[in-house]
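Only one structure is covered here, and it is reproduced in the block below.
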Amino acid sequence: MVRKKILPLTRLHEPLQVEVEVNNGVVTDAWVSGTLFRGFELMLENRDPRDTCIYAQRICGICSTAHAMAGALALEKAYNLEPTPNGVLIRNLIVASDFIQNNLRHFYILSLPDYARGPDTPPFRPLLKGDYKIPESKEKKLYENYWEAAILSAKAHQLLALWGAKAPHQQTIIPGGVTEKPNANKINMSLAILKKVDKFVTEKYLPDVYSVAEYYPEYYQIGKSYGNLLSFGIFPNEKNKFEDFQPGVITNFSTRPVKFDPQLISEEVTSSWYEEVEGVTDPWQEKTEPAFDKKPEAYSWVKTPRYDTKPFESGPLARMWINGKYRRGISTMDRHIARALELKEIINLMYTWLEKLNLNQPTLNKYEPQPQAQGAGLIDTMRGALGHWVKIEKGRTSHYQVITPSAWNFAPRGKDKLRGPVEEALIGTPVENLDSLIEVGRVIRAFDPCFSCAVHAVQGGKSLRKFKI
């Protein structure tokens with residue numbers, strides 16, 4: 001038995017430590033740690049709640065729009081407020097634009113170098129040792145598409161900025177809808193960008209994903225987790241109802257989704273560097289009190305979310321499986337294919353949202369802030385299920401909690417000793433070279449981890465305990 005550590009695991013968003021136990025060339029145990037600590041849950045407290053959609057986006061520069069959406073939804077629940085039909089459609093366009101830039105970068109820039117050798121120059125050299133099976137001629141074509149994907153991801157940010165004013169960290173999503181208004185020029189500019197992206201996704205991205213899968217069919221068997229899948233739903237229609245990507249729950253590889261119940265969400269800190277509050281597992285009561293030097297048994301700044309007491313995976317594969325759009329399997333390669341297929345579906349929806357925009361209708365419902373209120377904003381993002389929970393007292397935010405997709409997927413062990421979904425997915429992964437562990441990276445990157453989202457803590461102030469790292 002050999003125990004190996006990777007820190008940092010490169011080509012993903014923010015620091016991640018992976019420790020694996022390898023026996024006879026196979027991973028037999030795994031521990032995934034979030035090593036970055038931040039403070040957004042605490043930063044949002046004691047502020048005017050109307051700051052939420054702007055401040056919360058700073059949790060992440062890759063999926064910032066997702067946090068604006070979750071924050072807006074939480075306040076809409078708190079204030080009993082509905083967005084306008086135009087507001088819903090424009091929000092969808094903003095978030096979907098972020099899906100485009102993220103998914104293209106995820107496959108080509110973050111994941112492809114695990115399977116195909118790039119040009120003989122940095123950052124593609126030195127080359128990580130591994131079983132590179134794709135012929136050189138096809139590798140060359142893949143990397144031509146790599147550079148085009150990078151350009152189109154920037155175009156996706158331009159599309160986002162048409163409706164969100166800037167990218168990243170858009171400025172127009174607020175409770176009640178958006179502050180931006182549609183016009184013919186914006187719609188035509190959006191269509192021009194969208195058609196270029198659509199052509200690339202159809203003619204290059206999807207074929208490239210299937211090409212990689214052709215040369216690495218074993219990854220249809222590698223990277224399986226518990227088969228528990230969760231989605232909060234995403235992209236509501238103009239009536240603000242989920243239609244194309246509905247919320248749902250799959251347990252143990254079932255093909256029959258059951259209704260999602262937000263009351264079954266819990267969160268614990270057994271293996272996380274936070275103070276435990278006895279009897280509290282509800283996000284409405286959960287605290288964020290660092291306790292690094294008090295918990296030697298803990299190994300991550302990521303907390304442990306559970307649904308109905310079980311670990312759950314979230315993300316494109318979960319959404320596609322729950323909605324009956326992709327059910328080939330639950331593996332490393334299935335995650336890549338489901339993400340690409342989902343992006344094609346989202347692009348098709350974007351055409352319909354642009355067509356449904358009404359130039360003569362408002363994009364925002366006005367509201368009066370309430371001095372006492374609470375609400376939860378639950379919505380899926382590119383990486384999976386995202387939840388924001390807010391309590392308001394005397395007109396100020398008194399309590400804020402966030403559970404991100406990467407917290408669901410990269411959760412450490414809970415009181416039940418069960419591994420988090422990614423830790424479980426690593427079990428059984430074959431390892432050819434202990435000094436490379438490229439196979440471990442392939443499994444992990446398929447989940448598109450983002451650890452700036454996953455971790456929330458801060459040092460300082462009387463309410464926090466001092467600790468050292």
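The values are calculated or read from the model by the stated rules, or taken from the named source; none is laboratory data. Note that the structure is predicted; figures quoted are calculated from it, not measured. Every residue, glycine as well, gets a Cβ built from its backbone with ideal geometry; the counts of neighbours run over all protein chains shown. Note: areas computed on protein heavy atoms with side chains; ligands, DNA, RNA excluded. Shrake-Rupley method; radii C 1.70, N 1.55, O 1.52, S 1.80 Å.
Any residue that is over 27 Å from His106 (Cβ atoms), at pLDDT 95 or above and outside any loop (DSSP other than H, G, I, E, B) - is there at least one of those in segment 331-341? Give the steps one after another, and end with the answer.
Initially, segment 331-341 is screened for residues over 27 Å from His106 (Cβ atoms), giving none.
Checked segment 331-341: no residue is over 27 Å from His106 (Cβ atoms), at pLDDT 95 or above and outside any loop (DSSP other than H, G, I, E, B).
Residue check: is Ala338 touching a residue at least 24 places away in the same chain (Cβ under 8 Å) and either open to solvent by less than 60 Å² (accessible area, probe 1.4 Å) or more than 24 Å from Ser266 (Cα to Cα) (or both)? Break it down stepwise before answering.
Numbers: touching a residue at least 24 places away in the same chain (Cβ under 8 Å): no; either open to solvent by less than 60 Å² (accessible area, probe 1.4 Å) or more than 24 Å from Ser266 (Cα to Cα) (or both): yes.
No.
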- request: Return yes when Val258 is at pLDDT 95 or above and open to solvent by 50 Å² or more (accessible area, probe 1.4 Å) and no when it is not.
  value: yes
statement: Of the residues in segment 310-343, those that are of a type in the set (S, T, N, Q) and over 17 Å from Glu423 (Cα atoms) come to Asn323
message: Regarding segment 38-46, can at least one residue be identified that is buried (at least 19 other Cβ atoms within 10 Å of the Cβ), touching a strand residue (DSSP E or B) at 6+ places or on another chain (Cβ under 9 Å) and either modelled with pLDDT of 95 or more or within 14 Å of Gly177 (Cβ to Cβ) (or both)?
response: no
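Look through segment 19-37, keep the residues that are of a type in the set (A, V, I, L, M) and at pLDDT 95 or above, and return whichever of them is surrounded by the most Cβ atoms within 10 Å (Cβ to Cβ).
Pass one, segment 19-37, residues of a type in the set (A, V, I, L, M): 20, 22, 26-27, 30, 32, 36.
Now drop any that are not at pLDDT 95 or above, which leaves 20, 22, 26-27, 30, 32.
On the way: Val20: 25, Val22: 20, Val26: 14, Val27: 23, Ala30: 22, Val32: 30.
Here the answer is Val32.
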query: Regarding Arg105, is this residue basic (Lys, Arg) and either under 30 Å from Leu359 (Cβ atoms) or in a loop (DSSP other than H, G, I, E, B) (or both)?
result: no
query: Given the conditions (1) of a type outside the set (A, V, I, L, M, F, W, C); (2) under 24 Å from Cys450 (Cα atoms); (3) in a helix (DSSP H, G or I), and given that Pro168 satisfies all but one, which numbered condition is not satisfied?
result: (3)
- prompt: Out of (1) buried (at least 20 other Cβ atoms within 10 Å of the Cβ); (2) at negative phi, the odd one out for Asp282 is which?
  reply: (1)
field: Condition met for Glu214 (open to solvent by 50 Å² or more (accessible area, probe 1.4 Å) and among the acidic types (Asp, Glu))
entry: yes
Among residues of segment 356-403, those that are among the acidic types (Asp, Glu) and either part of a loop (DSSP other than H, G, I, E, B) or modelled with pLDDT under 95 (or both), counted: 1
statement: When (1) closer than 20 Å to Ile444 by Cβ; (2) modelled with pLDDT of 95 or more; (3) not aliphatic (A, V, I, L, M) are applied to Ser406, the one that fails is (2)
message: Could you list, ordered by first residue, the pairs with Cβ atoms under 6 Å in which the first is in segment 43-58 and among the acidic types (Asp, Glu) and the second is open to solvent by less than 60 Å² (accessible area, probe 1.4 Å), at least 6 apart or interchain?
response: Glu45/Thr397; Glu45/Tyr400
message: What's the total number of residues in segment 140-173 that are of a type in the set (Asp, Glu) and either closer than 23 Å to Glu355 by Cβ or open to solvent by less than 10 Å² (accessible area, probe 1.4 Å) (or both)?
response: 0
- prompt: With (1) in contact (Cβ under 8 Å) with a residue 24 or more places away in the chain; (2) out of contact with any strand residue (DSSP E or B) (no Cβ under 6 Å at 6 or more places or on another chain) as the list, and Asn23 as the residue in question, which single condition is left unmet?
  reply: (1)
- prompt: Could we say that Ala66 is closer than 30 Å to Ala150 by Cβ, in contact (Cβ under 8 Å) with a residue 60 or more places away in the chain, touching a strand residue (DSSP E or B) at 6+ places or on another chain (Cβ under 8 Å) and buried (at least 23 other Cβ atoms within 10 Å of the Cβ) here?
  reply: yes
field: Sole exception among (1) open to solvent by 10 Å² or more (accessible area, probe 1.4 Å); (2) at positive phi for Gly176, by number
entry: (1)
- prompt: List pairs: first in segment 292-311 and at pLDDT 95 or above and open to solvent by 60 Å² or more (accessible area, probe 1.4 Å), second in a loop (DSSP other than H, G, I, E, B) and not hydroxyl-bearing (Ser, Thr, Tyr), Cβ under 7 Å, 6+ apart or cross-chain?
  reply: Lys310/Asn228
Those strands (runs of 3 or more DSSP E) lying entirely in segment 172-253 with at least 1 residues polar (S, T, N, Q) and modelled with pLDDT of 95 or more: 229-231
task: Consider Tyr326 carefully, then state whether it is open to solvent by 20 Å² or more (accessible area, probe 1.4 Å) and at negative phi.
output: yes
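Got a number for residues in segment 277-318 being in a loop (DSSP other than H, G, I, E, B) and within 28 Å of Ile444 (Cβ to Cβ)? Talk me through it step by step, then tell me what you get.
Applying the first criterion (in a loop (DSSP other than H, G, I, E, B)) to segment 277-318 yields 277-289, 291, 295-299, 301-303, 308-309, 311-312, 315.
Filter once more, so that each one left must be within 28 Å of Ile444 (Cβ to Cβ): 281, 283, 286, 288, 291, 295-299, 301-303, 308-309, 311-312, 315.
Of the residues in segment 277-318, 18 are in a loop (DSSP other than H, G, I, E, B) and within 28 Å of Ile444 (Cβ to Cβ).
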